[in-house]
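To start, the structure under review is shown below, and the notes come after it.
What follows draws every value from the coordinates through simple rules; no lab data is involved. Everything numeric here is computed off the predicted structure, so don't read it as measured data. Here Cβ is always computed from backbone atoms with ideal geometry, including for glycine, and neighbour counts include all displayed protein chains.
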Amino acid sequence: MKYVKLIPTLLVSALAVAGTTQAATAYISNEKDDTLSVLDLDTWKVTETIDVGERPRGIALSKDGSKLYICASDSDTVQVMDLATRKIIANLPSGADPEQFSLHPDNRKLYISNEDDALVTVVDTESHEVLAQIEVGVEPEGMAVSPDGRWVVNTSETTNMLHWIDTQTHELVDNTLVDQRPRHVEFREDGKLLWASAEIGGTVSVVDVETRKIIKKLSFEIKGIHPDKIQPVGIKLSADGRYAFVALGPANHVAVVDAKTYEVLDYLLVGRRVWHMEFTPDRQYLLTTNGISGDVSVIDVADLKVTRSIKVGRYPWGVVTTP
Amino acid sequence: MLKKTMLGLLVTALLPIIPAPAFAQGEQALDIRVAYIGQIIDRGPVLSNLIPEPEDAGLQGARLAITDSNSTGRFLKHHYRLDEIESDDPSTLITDSRALYDEGARLFVLNTSADTLAALSSSLPEDALLINSGSYDDDLRSEQCLSGMLHTLPSRAMLADALAQWLIMRRWNRWMLISGNTDDDRAFAQSIKRAAKRFGGKIVAEKAWSFDTDLRRTAQKELPPFTSGTEYDVVVVADERGDFGEYLPYNTGLPRPVVGTQGLMPTAWHKMIEAWGAAQLHSRFEKQTGRWMNEKDYASWAGVRVFAEAVTRTGSTDAAALRDFILSDQFELAAFKGRKLNFRSWSGQLRQPIALVHPRALVSSSPQEGFLHPVTDLDTLGFDAPESRCRVIAQ
């Protein structure tokens, strides 16, 4: 009996030791500093600040977590960083002014929104070739690939639409009109629903992927905050399907929504002008980027409490985490 | 550090772009005509004439809005077209606008003087939708209420109130008011006096500039004594043409800031506004025109966008249906100002935040915090319902 108990313990500690050699890490892009902040998720300390291209905004990891893609908007390129060495190893031909992007489950096709040119550029991350450029509405921004890889959905901020692009043909096949200034889209893990935020409209639309129609529209209300300041941007859905977190911009709060009943459960006070969010790899915490206060807030997902805030660079924009 | 590369351009050169197909199965294809009526106004010679005002201010904004609206429209089979009429002769504008109406045009963006606006309003039939994008005139929003007229350009009262709130917030309450000698200058000065009364500013001295010397040579000699003799916190200047006001900063008798039509300026739009996607609007505009987008461009851009937004949401080009939607609770315009904009039901004025800028930076944006209003703080700027005789929507 003693042995049986001991073996798992040993295994766990062996894993823990392996873990400490590379602690879980968050990377945060600082739009007005042209840097990335590297945040150690064990100590909650910024351990490094790395120079990157101009006006870094959207960032994303390769599926194996070895590479980081960075939209360097004013450098008109997507940079590829090798996370083992933290060096830029390539610049992808992204089209002009890349803002956000999403990687296909095949780990190759990267869908990039070119904000100034009303285009979506598709780049092969291995051959570095541009596979297609697709016309979309004015100021494309939010981008998400469906979990099954069939759809890529792009939001256009001034056209106020979700554009549905077939990833096989690279053709735009449908549009869903939403409220003013859609910023971000997020698929539910089963791929059946899509959540879309409208920053100036102040709403979040939940869209049925099959019909591409809005089935629910959420709005938000915080006592003492003018409704015009409640501007949904980033959305994150918890893996267990329980919560949706919605970052409310200059309202300085993150809304916690019951992802099944669509009821708003709580509003959590974070830093100023909260835009994007990411879970830590263990899903225990949610990190938020707060542009004006220049920091990252940490939300404890189980308790739904904000536990700390960490100073990063000027105007933090995107955030990703690796184990 | 990586500098701007040519990668973006290369991509476009090499690959055919997959065009967006037209959609809207079951929906009707629509052709939407918007008429832009621009009056070319000779503002006379000014002392500060080194940087001329662009002659196509307004028109370029309307053109960009048509491009923007067509990018959206192609997904809905909606096609927008701009009919452009420009002239320095009001009677030509009236005749030509009427001719456009007779050809079927119903949506008009009018960048003209207040007088021409009144003439157009009476010559065009009731079912035409008119948006003023050229006159700041307070009377149009308070006393002389033109039937059905909407305004995307702020009134002088809105600009003055935006400035006044900020001055009061800074506790710079004592103002020396200097006015030029045109009717427009006097109107701006009048709005400043109204704002002082509303928010608690004190006009400690009021002067009219009537010197005819060339200030480029003598500003240093003439302006300090002209702005001396009283204690004040700021000099407020009312010189809409930019005749002498440009020479006031740093030439005041006391070491005080200059605000108003020069120095720190209230404005609906400026290059220094960059947040909420404004940088992208500037970028599109500069690509189209090779110059910065100004307040008149913005007002005409917004005018066309108001029509287009109503067409997108209603799927109709019927003037009455569009008008009902534009004046309803459902209407909202995203216009790069960080809040949704809509119209005041009494004066037909587009509610909007007003930026306070100096030539190289955004200083603040009004309404300032703490200026409260029972409906929306945006209505602390300009003529509120009880202060206006206008009723665009019959109540």
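Values computed for the structure shown
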quantity	calculated
Sites A:Arg283 and A:Lys223 - FRET efficiency at Förster radius 35 Å, r taken between beta-carbons, to 0.05	0.70
D (Stokes-Einstein, µm²/s), Kirkwood Cα radius, segment A:2-322, 1.002 mPa s at 20 °C	108 µm²/s
Distance from segment A:277-320 to segment B:16-75 (C-alpha centre basis), Å	41 Å
17 Å Cα-Cα reach of B:Lys197 towards aspartates and glutamates, excluding residues that sit fewer than 8 places from it in its own chain	B:Asp138, B:Asp161, B:Glu206, B:Asp233, B:Asp379, B:Asp384, B:Glu387
Cross-link pairs beyond the 31 Å C-alpha cut-off, checked among A:Lys87/B:Lys340; A:Lys223/A:Lys311; A:Lys32/A:Lys216; A:Lys109/A:Lys229; A:Lys229/B:Lys77	A:Lys87/B:Lys340; A:Lys32/A:Lys216; A:Lys109/A:Lys229; A:Lys229/B:Lys77
Simple spin-label estimate for A:Ser127 and B:Arg391 in nanometres, 7 Å along Cα-Cβ	7.0 nm
Rel. contact order, % - alpha carbon contacts under 8 angstrom, at least six apart, chain A	12 percent
Partner aspartates and glutamates for A:Lys192 [C-alpha distance under 13 Å; skip if fewer than 8 residues away on the same chain]	A:Asp148, A:Asp208, A:Glu210
Inter-chain Cβ neighbour average for residues A:89-96, partner chain, 10 Å	4
Cβ-isolated cysteines (cut-off 4.7 Å), the protein assembly as shown	A:Cys71
For residues of A:127-139, the mean tally of beta carbons on other chains within 10 Å	5
Rounded FRET efficiency, nearest 0.05, which uses the C-beta distance separating A:Ser238 from A:Asp148 and R0 of 30 Å	0.90
Spatial separation of Cα centroids for segment A:123-173 and segment A:197-218, in angstrom	18 Å
Cα-based shape type of the protein assembly as shown, given that a ≥ b ≥ c are square roots of the gyration tensor eigenvalues and the cut on a/c is 1.5	prolate
Number of partner chain Cβ atoms within 10 Å, mean per residue of B:266-277	2
For segment A:18-74: relative contact order, % (alpha-carbon pairs under 8 angstrom, 6 or more apart)	26 percent
Degrees between helix B:59-73 axis and first principal axis of chain B (Cα, 0 to 90, nearest 10)	40 degrees
Ordering of B:126-132, B:113-119 by burial proxy (mean other Cβ atoms within 10 Å per residue, highest first)	B:126-132, B:113-119
Inter-part distance where segment A:15-94 and segment B:191-219 are each reduced to a Cα centre, Å	55 Å
Relative contact order for chain B, counting Cα pairs under 8 Å that sit 6 or more residues apart, in percent	19 percent
Efficiency of FRET between A:Lys213 and A:Ala24 - r from beta-carbon atoms, R0 35 angstrom, step 0.05	0.35
Residues of segment B:274-318 with amide N under 19 Å of the 7 Å Cα→Cβ point at B:Ser48	B:292-296
